[in-house]
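Working notes, beginning with the structure itself.
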Amino acid sequence: MAIQPAARLLFFLLLVAVAHSSSSSSSPFDAALATLQKQIGYEFRSPDLLRRAMTHASYSRENGRALAVLGLAAAQSAASLRALAADHDASASAVSRRARDASAESACAAAAARVGIPSIVRVAAGTKATAAPVVCGALRALVGAVAVDANSTHAAEEVFWKLHVLAADSAKAAM
Ligand SMILES: *[C@@H]1O[C@H](CO)[C@@H](O)[C@H](O)[C@H]1NC(C)=O
């Protein structure tokens, strides 16, 4: 007879655990992160990195700033490589221009908007989530987060090009 209350308690605890895990994975933020991963064609092994990337410095000390440094470098590396792979004789200024264009705030903000980053990134009240520096920082952090998650700048560059193509397609569609 003594076993019954214990079994009931266990069952209750199980229910609580299941309800807790399903409610935390179905928060709007987590649902948006799941969609984002599908859009970029990359699934994070450490979803914490993605959460961090989608968190602005105004919101938390655990934010995407450091990841964005890496993401920017990966974007510039991807663009420089593409320019030199296509033309070994490309001039230094031409390669610099391609690297600069690839990391320009306007292109970056367009790419970020295309995948819905303005409505995903967490910011403090009083900070505009749609501001170009905020969404660009988040996009760069996303690219950097992929690099860290995959331990590969190559994986990050692929995501960068994917984001770039998505933005170019939406620009065409808007014409
Ligand atoms: C990351 O990649 C480098 C180079 O391939 C390797 O030496 C290192 O052990 C890897 N680190 C982890 C944490 O997998």
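The values are calculated or read from the model by the stated rules, or taken from the named source; none is laboratory data. As the structure is a computational prediction, the values presented were derived from the model and not from experiment. As a convention, Cβ positions derive from the backbone with ideal geometry for all residues, glycine included, and neighbour counts pool all protein chains shown. Keep in mind that these areas ignore ligands, DNA and RNA; they rest on the heavy atoms of the full protein, side chains included. Shrake-Rupley method; radii C 1.70, N 1.55, O 1.52, S 1.80 Å.
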Tabulate in residue order the Karplus-calculated ³J(HN,Hα) for the stretch 34-44, using 6.51 cos²θ - 1.76 cosθ + 1.60 with θ = phi - 60°, rounded to whole Hz; enter x for Gly and Pro. 5, 5, 4, 5, 5, 4, 8, x, 9, 9, 6
Subtract the Cα-Cα distance of THR130 and LYS162 from 0.36 nm times their separation in residues, and report this length gain in nm to one decimal. 9.4 nm
Give the shape of the stretch 30-174 as rounded, prolate or oblate, defined through the alpha-carbon gyration tensor: a ≥ b ≥ c are the square roots of its eigenvalues, a/c under 1.5 means rounded, and otherwise the shape is prolate if a/b is larger than b/c and oblate if not. prolate
Derived scalar couplings ³J(HN,Hα) [the stretch 107-114; Karplus, 6.51 cos²θ - 1.76 cosθ + 1.60; whole Hz; x for Gly, Pro]: 5, 5, 5, 5, 5, 5, 5, 4
Within the stretch 108-170: Cβ-based charge dipole about Cα centre, in debye rounded to nearest 20 (Lys, Arg +1; Asp, Glu -1): 280 debye
Rounded to the nearest 20 Debye, what is the dipole magnitude of the stretch 50-175 about its Cα centre when Lys and Arg each give +1 and Asp and Glu each give -1 at the C-beta? 440 debye
Would you please give the residues with an amide H less than 5 Å from that of ARG122, counting only those at least 5 places away or on a separate chain, with H modeled from the backbone geometry? THR55, HIS56
Starting from the Cα gyration tensor of the stretch 111-161, take the square roots of the eigenvalues, sort them a ≥ b ≥ c, and report rounded, prolate or oblate (rounded when a/c is under 1.5, otherwise prolate if a/b is larger than b/c, else oblate). prolate
Go through ASP89, ASP101, ASP149 and list them by solvent-accessible area, largest first, probe radius 1.4 Å. ASP89, ASP101, ASP149
Sorted by accessible area with a 1.4 angstrom probe, largest first, how do LEU72, LEU81, LEU33 fall? LEU81, LEU72, LEU33
